[in-house]
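Taking it in order: structure first as structure tokens, then the write-up.
The values are calculated or read from the model by the stated rules, or taken from the named source; none is laboratory data. No experiment lies behind these values; they were computed from the predicted model shown. Methodologically, a virtual Cβ is constructed for each residue, glycine included, from the backbone with ideal geometry; neighbour enumeration extends over all protein chains shown.
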Amino acid sequence: MNDFTQSIAAALTLIGRLDSELIAIVWLSLRVSLSASLIALLIGAPLGVWLAISRFRGRQVLIVLANALLGLPPVVAGLVLYLLLSRSGPLGFTGWLFTPSAMILAQVMLATPIVVSLVHRPVSLLWAEYADLARTDGLSLFRSMALLFSLGRASMLTAFLAAFGRAIAEVGAILVVGGNIRGYTRTMTTAIALETSKGDLPLALGLGLVLVSLSVTVSTVAFLLVGRVGEK
């Protein structure tokens, strides 16, 4: 049996016996990424809808900025957040640096532009179809936004799942602001990087298998739910 086969076998053993360290890392990763994705949805979805139906000077600049931030390098986001949360930074009083809270903020920075972009485009098309009806009924801005939230449920779900996919696979930003502290801020991606560099392949492979399984599960759920929501 070669080293690769042995490592795979050992990784499957860790997963099969629910290794405590592996479970703790997976649980923290899910908690951080789900929290960040939900916050990104709560911020990005209303912003995307607002940009779709409002007309004001600077609107196109905001849309271009949101699209540009899709390519924001994670380490740059991590560096900016590090400077903000450091002792000498404006948010240093929070004491969040090297905590899960900082990791959530980092993932929110990266996931929110995704939500804005994925919501803005389809909602713009919906608004083009329903704008005249909304004006005829005298709907206010907030009631119009509520209408589009209802009609664009599939887009909201797609945006949330895309944000979660971005968050759960992220490593650069959370490594900078989280510190990869064992038992406290170590996620699947940061642990895989560390354990691989240390030569502990079973744990790295075990976490990698779990991460891939989560990605496949999320993609499957997205396909099924978006199709079901779209039919309603």
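Rundown of residues vs (1) aliphatic (A, V, I, L, M); (2) touching a residue at least 60 places away in the same chain (Cβ under 8 Å), yes/no style:
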position: F98; (1), (2): no, yes
position: M103; (1), (2): yes, yes
position: V108; (1), (2): yes, yes
position: P113; (1), (2): no, yes
position: D132; (1), (2): no, no
position: L139; (1), (2): yes, no
position: L148; (1), (2): yes, yes
position: S155; (1), (2): no, no
Anything in the range 150-182 that is modelled with pLDDT under 85 and of a type in the set (A, V, I, L, M, F, W, C)? List them, or say none. L151, A154
Complete set of residues in the range 186-206 that are among the small types (G, A, S) and not in a loop (DSSP other than H, G, I, E, B): A191, A193, S197, A204, G206
Run down I39, I63 and say which single residue is crowded, with 17+ Cβ neighbours inside 10 Å, more than 15 Å from T185 (Cα to Cα) and at pLDDT 95 or above. I39
Looking only at the range 4-23, and only at residues there that are surrounded by fewer than 15 Cβ atoms within 10 Å (Cβ to Cβ) and hydrophobic (A, V, I, L, M, F, W, C), the one that is nearest to L175 (Cα to Cα): I23
State whether the residues of the range 155-170 include one that is under 14 Å from S33 (Cβ atoms) and either assigned to a loop (DSSP other than H, G, I, E, B) or in contact with an Asp or Glu (Cβ under 9 Å, 6 or more places away or on another chain) (or both). yes
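Yes/no per residue for (1) assigned to a helix (DSSP H, G or I); (2) out of contact with any strand residue (DSSP E or B) (no Cβ under 9 Å at 6 or more places or on another chain); (3) among the acidic types (D, E):
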site	(1), (2), (3)
A11	yes, yes, no
E21	yes, yes, yes
W27	yes, yes, no
A36	yes, yes, no
L79	yes, yes, no
G89	no, yes, no
Condition met for G183 (of a type in the set (G, A, S) and part of a helix (DSSP H, G or I)): no
Confirm whether R57 is of a type in the set (K, R) and assigned to a helix (DSSP H, G or I). no
Quick count over the range 118-146, residues being assigned to a helix (DSSP H, G or I), surrounded by fewer than 20 Cβ atoms within 10 Å (Cβ to Cβ) and of a type outside the set (A, V, I, L, M, F, W, C), is 9
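Every residue, every condition in (1) out of contact with any Phe, Trp or Tyr (no Cβ under 9 Å at 6 or more places or on another chain); (2) surrounded by 22 or more Cβ atoms within 10 Å (Cβ to Cβ); (3) more than 22 Å from V115 (Cα to Cα), yes or no:
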position: A159; (1), (2), (3): yes, yes, no
position: G172; (1), (2), (3): yes, no, no
position: G178; (1), (2), (3): no, yes, yes
position: I181; (1), (2), (3): no, no, yes
position: M188; (1), (2), (3): yes, yes, yes
position: L194; (1), (2), (3): yes, no, yes
position: L203; (1), (2), (3): yes, yes, yes
position: G206; (1), (2), (3): yes, yes, yes
